[in-house]
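One structure is given below, encoded as structure tokens.
What follows is calculated from the coordinates using simple rules that are stated; it is not laboratory data. Everything numeric here is computed off the predicted structure, so don't read it as measured data. Using ideal geometry, Cβ is built from the backbone for each residue, glycine included, and neighbour counts are taken over all protein chains shown.
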Amino acid sequence: MSGELYDYIEEERARFGEDLTILGHHYQEENVIRHTDLRGDSLELARRTSSVRSKYIVFCGVYFMAESSALLAAPAQRVYLPEPSAECSMALMSPASLLGEVLDALTRKGRKVIPLAYVNSTLAVKAVVGGRQGAVCTSANARRMLEWAWSQGEAVLFLPDKNLGRNTADLLGIPAEEQHILNLKDGLRRLDLEAAAQARLLLWPGFCSIHTRFHLRQIERVRAECPGARIVVHPECSPEVVAAADVSGSTSFIIRFVEELPDGATVAVGTEINLVERLAERHKGRLTVLPLVESACTHMAQTTEESLAAALRDLAACEREGRGSRFQVRIAEDLKNPAKAALERMLRVCA
Ligand code: 13P
Ligand code: SF4
């Protein structure tokens, strides 16, 4: 069956030719990633969308990524997500309406608080952020964007990932007393506005449940069992794990770091398992690449070779019948301009 699906997808790719580009995030499984024209981390994929010329873009990843792609696509282009229910759970941790209320509360006394949203957030959140002079960032440029955000206001509200926010602030030498994690367990009721007013960095209490599976004890085990092994982790891991690893960085950073290791090295990687397995395969015979622990993103895994084939089948039928596809990512008109402003601010600052 998998052979049939493989052939079907490749035939459709050949038939669509230049009208179709398939993009894929590095966390996609091998059966999916092998059909992509371009693969990358979220920053690379957002950037590349603007230079893709094809009529149709099929995005193998999670919803917020396809949304960013649809936002940056030309008006005549269409973006499709093979699994429309593939949502990143972290992106859902900061509802746009609550964000608006929190920003109102934090700025009520005239303080200028700049929101900086990790790209792992919904379109509605990006629109709130863009409408309040804020911007988007990714794990590859969080440091540069946090510096930019501080140059624009008195404090920064970083969301939704408290770990990426804390790890980036630690890199910039921001002391813990100047960082404050907002308590949003009960909406605004437990928000400590006095403590927030003392901090330069306000952190939304979101996290990635895939990267918070990495713990100090796994690092200690690698150090004990494989002396000399290097340890590299994604900055969505907790600050304790990042501090204990040798180095941390975005998906593209991790790929480069492993590529540049000398022959014979062993490296333990703390990120999504599909990427770790691909790195192990790519460097087989040259390096030993181990997962710090196996941690799979179930949201990324919703896109399969079957769902990619189904999306292409539907796209072909829609083209024949002149109708819209249920796989198409549609951008609400009222959110488009402010959300795009937030994304474009990032692309401009990090050009
Ligand atoms: P990157 O920005 O490194 O691609 O990471 C995206 C993501 O979802 C990490 O969990
Ligand atoms: Fe979201 Fe974490 Fe999955 Fe990345 S790994 S898509 S942040 S849930």
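Of all residues in segment 77-99, those that are within 16 Å of ligand 2 (Cβ to nearest atom) have Cβ atoms under 7 Å from Cβ atoms of residues that are hydroxyl-bearing (Ser, Thr, Tyr) and assigned to a loop (DSSP other than H, G, I, E, B), 6 or more apart or on another chain, in 82/303; 83/303; 86/303; 89/209; 91/121; 91/122; 94/121. When the residues of segment 201-230 are filtered to those that are among the aliphatic types (A, V, I, L, M) and touching a Gly at 6+ places or on another chain (Cβ under 7 Å), the one that is surrounded by the most Cβ atoms within 10 Å (Cβ to Cβ) is 201. Check whether at least one residue in segment 116-135 is on the phi > 0 side of the Ramachandran plot, of a type in the set (S, T, N, Q) and free of Cβ contacts under 8 Å to residues at least 60 places away in the same chain, and report yes or no. Yes; the residues of segment 116-135 include at least one that is on the phi > 0 side of the Ramachandran plot, of a type in the set (S, T, N, Q) and free of Cβ contacts under 8 Å to residues at least 60 places away in the same chain. Per the conditions (1) closer than 18 Å to residue 304 by Cβ; (2) without any contact (Cβ under 8 Å) to a residue 40 or more places away in the chain; (3) within 14 Å of ligand 2 (Cβ to nearest atom), the sole criterion not satisfied by residue 45 is (1). Residues in segment 278-312 that are surrounded by fewer than 14 Cβ atoms within 10 Å (Cβ to Cβ) and closer than 25 Å to residue 64 by Cβ were compared, and the one that is farthest from ligand 2 (Cβ to nearest atom) is 294.
Just one of (1) surrounded by fewer than 23 Cβ atoms within 10 Å (Cβ to Cβ); (2) in contact (Cβ under 8 Å) with a residue 60 or more places away in the chain; (3) more than 15 Å from ligand 2 (Cβ to nearest atom) fails for residue 63. It is (3).
For the criterion of being more than 16 Å from ligand 1 (Cβ to nearest atom) and touching a helix residue (DSSP H, G or I) at 6+ places or on another chain (Cβ under 6 Å), residue 329 passes. State yes or no: is residue 38 without any contact (Cβ under 8 Å) to a residue 40 or more places away in the chain and on the phi < 0 side of the Ramachandran plot? Considered against the rule, which asks whether it is without any contact (Cβ under 8 Å) to a residue 40 or more places away in the chain and on the phi < 0 side of the Ramachandran plot, residue 38 comes out as yes. Exactly one residue out of 49, 36 is within 16 Å of ligand 1 (Cβ to nearest atom) and more than 26 Å from residue 349 (Cβ to Cβ), and it is 36.
One residue stands out in segment 199-240 among those that are over 27 Å from residue 116 (Cβ atoms) and assigned to a loop (DSSP other than H, G, I, E, B): the one that is farthest from ligand 1 (Cβ to nearest atom), namely 227. Scanning segment 296-311 for residues that are within 14 Å of ligand 1 (Cβ to nearest atom) and in contact with a strand residue (DSSP E or B) (Cβ under 8 Å, 6 or more places away or on another chain) yields 300, 303. In segment 288-300, the residues that are aliphatic (A, V, I, L, M) reach residues that are part of a strand (DSSP E or B) and more than 12 Å from ligand 1 (Cβ to nearest atom) with C-beta atoms within less than 6 angstrom, at least six apart or across chains, in these pairs: 289/267; 290/268; 292/268.
Every condition in (1) surrounded by fewer than 22 Cβ atoms within 10 Å (Cβ to Cβ); (2) within 17 Å of residue 299 (Cα to Cα); (3) among the aliphatic types (A, V, I, L, M) holds for residue 81 except the one numbered (1).
Taking residue 27, is it part of a helix (DSSP H, G or I) and either over 21 Å from residue 279 (Cβ atoms) or within 16 Å of ligand 2 (Cβ to nearest atom) (or both)?
Working: part of a helix (DSSP H, G or I): no; either over 21 Å from residue 279 (Cβ atoms) or within 16 Å of ligand 2 (Cβ to nearest atom) (or both): yes.
In short, no.
For segment 259-275, filtering for residues that are under 24 Å from residue 299 (Cβ atoms) and surrounded by fewer than 23 Cβ atoms within 10 Å (Cβ to Cβ) leaves 2. For segment 105-198, the helices (runs of 4 or more DSSP H) that sit wholly inside it and include 1 or more residues that are within 16 Å of ligand 2 (Cβ to nearest atom) and touching a strand residue (DSSP E or B) at 6+ places or on another chain (Cβ under 7 Å) are 123-131, 162-171.
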